[in-house]
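K.L.:
Here's a structure for you.
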Amino acid sequence: MINRVTIGILAFLVILSSSGLYFYSRTLDQQIEALSGQLESIQREQAAQMSQLSDELTTFKGEALANIATLRDETGSMKDEISTLGNVIDGTMSRIGTLEDEIQNVAAEVSQSVINADEVYQKVKKAAVSISDGERTVGSGFILDTRGHVVTAHHVVDQLAVIYVVLSDGRSSTATVAGSCKFSDVAVLTLDDEQLVVEPPLLADSSTVQIGEPVVAIGNPFDLTETLTSGIVSQINRFVEIKYDSQTRPVANVIQFDAAVNFGNSGGPLVNARGEVIGLVIARVDPERGDGIYYAVSSNKVQQVVSSLIAKGSFDYPWLGVEIANVTPKILQDRGLETINGVLIKRVLPQSPAEAGGLKVDDIIVAIDGFPLKDVAQLASYLGEFKSPEELASLTVMRESTKLEVSVELGKQKS
């Protein structure tokens, strides 16, 4: 009996348990289906959002690439514009530089064509000196440097037993001759009083001097002091015969000018519009022969001579050993020449450099060291300014109708 009851109860419990399990399982399946539906819905929403985001990214990428391309084109165009602008700026700066050069050239031309005589005088007068024998003024000169050297003309001091140098402020000192060259008519004095120091004037490059350039001469004619006359350069590179007392000597590297000078001006400075010394006044044409013609040794020649005089007390003038003359129109016609440019050899001195070099009478020297020669003055000036004894001179010579190159070792000018 008990077993049946127990079995019945167990059977009921089994049935009841199976029903509960079935219900629970069914409920669980429904929940799983609901969750699965929600998951699918979420996945669909995410997929839609991802698709939308991908489309937006694609659109943004396209727009960005387009903007970058546009920016690249604009940058390239800007670079071209900047490059063009740079070229324009460079061209403008170059033009400005050219204009500045043109302005400076015009200013230089104006300064060369117009001279402020008072300004030049004030700049140079302190360095201009008078040369005296102790009783009267015999010439002029100018301070060369701060070491007590004074430049004057050879013929001014050649015969003086005692030399006095008087400055523009009235101070005076005796002086001795450091060296002198009669062929260039240049002398250098040394002041005995080393305290008489003033600022020296600048020596210009006389190779740049032009015909028509205004000049002033400062000197002490007629026992006057610090006189000034003005004029222009009328010729350059002259080779002139100048009479000194009873002697006549040729002088090369001469500037011809028309600023009036007289006895007492010799040795004084010839000055350009910038206040630079371009020459040393040495002579005037004899009034019986003409008027208004005066001579000064070029500053380049003065510088060359005084450097040698200070260094060793003398200047060795180069010597070729020929008598020469200008080519005339008749010689041109007789010889069948094209121009009268050149220097005719009239005589070759015995035992001279010219004889040793093989030069002959009637040879025409048309160039020296490649420098074309126009006349005797140019040959003498070239030798005096650019050559020294024992140097070789290369001469281009016309011998009849043949052009020759002749090398001559220059000698020393005989006293």
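Taken together, the values in this text are just the output of simple stated rules run on the coordinates, not laboratory data. Here the structure is a predicted model, which means the values were calculated and not measured. Every residue, glycine among them, receives a Cβ derived from its backbone with ideal geometry; neighbour counts consider all protein chains shown.
K.L.:
Distance check, please: which entries in Lys182/Lys301; Lys301/Lys412; Lys312/Lys346; Lys182/Lys387; Lys330/Lys387 exceed 24 angstrom between their Cα atoms?
P.N.:
Lys312/Lys346; Lys330/Lys387
K.L.:
A further question on this structure: Please name which of Asn300, Phe386, Val406 has its Cα lying farthest along the dipole of the chain towards the positive end, using unit charges on Cβ (Lys, Arg +1; Asp, Glu -1) and the Cα centre as origin.
P.N.:
Val406
K.L.:
Contact order normalised by length for the chain, with contacts defined as Cα pairs under 8 Å and 6 or more residues apart; what percent is it?
P.N.:
The value is 11 percent.
K.L.:
Which whole-number percentage describes the relative contact order of segment 318-412, with Cα contacts under 8 Å and a sequence gap of 6 or more?
P.N.:
For segment 318-412, the relative contact order is 30 percent.
K.L.:
Same structure, new question: Using the Cα atoms of segment 318-412, I'd like the radius of gyration and the largest Cα-Cα distance, Dmax, both in angstrom.
P.N.:
12.3, 37
K.L.:
Compute the helix-to-body angle for 2-113: its Cα long axis versus the longest principal axis of the chain, expressed 0 to 90° and rounded to tens.
P.N.:
10
K.L.:
Also, I was wondering about something else. So if I place +1 on the C-beta of Lys and Arg and -1 on the C-beta of Asp and Glu, and nothing else carries charge, what would the dipole magnitude of the chain be about its Cα centre? I want it in debye, nearest 20.
P.N.:
Using only the charged Cβ atoms, the result is roughly 680 debye.
K.L.:
Can I ask one more? Which one, Val162, Thr208, Ser180, is farthest towards the positive end of the dipole of segment 140-235 when Lys and Arg carry +1 and Asp and Glu -1 on their Cβ?
P.N.:
Of Val162, Thr208, Ser180, it is Ser180.
K.L.:
On to the next question. Given 20 °C and 1.002 mPa s, compute D for segment 327-379 with the Stokes-Einstein relation, Rh being the Kirkwood radius over Cα pairs; round to the nearest whole µm²/s.
P.N.:
Rounded to a whole number, D works out at 182 µm²/s.
K.L.:
If I model a spin label as a point 7 Å beyond the Cα along the Cα-Cβ vector, how far apart are those points for Glu119 and Glu405 in nm?
P.N.:
4.9
K.L.:
Taking N as the number of residues in segment 134-211, what is its Cα Rg relative to 2.2 N^0.38 Å?
P.N.:
Segment 134-211 yields a ratio of 1.14.
K.L.:
Over segment 119-312, what is the mean sequence separation of C-alpha contacts under 8 Å (at least six apart), divided by residue count, expressed as relative contact order in percent?
P.N.:
Averaging sequence separation for qualifying contacts and normalising by length gives 23 percent for segment 119-312.
K.L.:
If each DSSP helix of 4+ residues adds -39,500 (n - 2.57) and the sum is divided by the residues in the chain, what number results at 222 nm, nearest 500 deg cm²/dmol?
P.N.:
-13500 deg cm²/dmol
K.L.:
On a 0 to 90 degree scale, rounded to 10, what angle separates helix 376-386 from the longest Cα axis of the chain?
P.N.:
Tilt of helix 376-386: around 60 degrees.
K.L.:
Ok, one more. With only Lys, Arg, Asp and Glu charged, each at its Cβ (+1 for the first two, -1 for the last two), find how big the charge dipole of segment 318-412 is about the Cα centre; round to the nearest 20 debye.
P.N.:
So the magnitude is around 240 debye.
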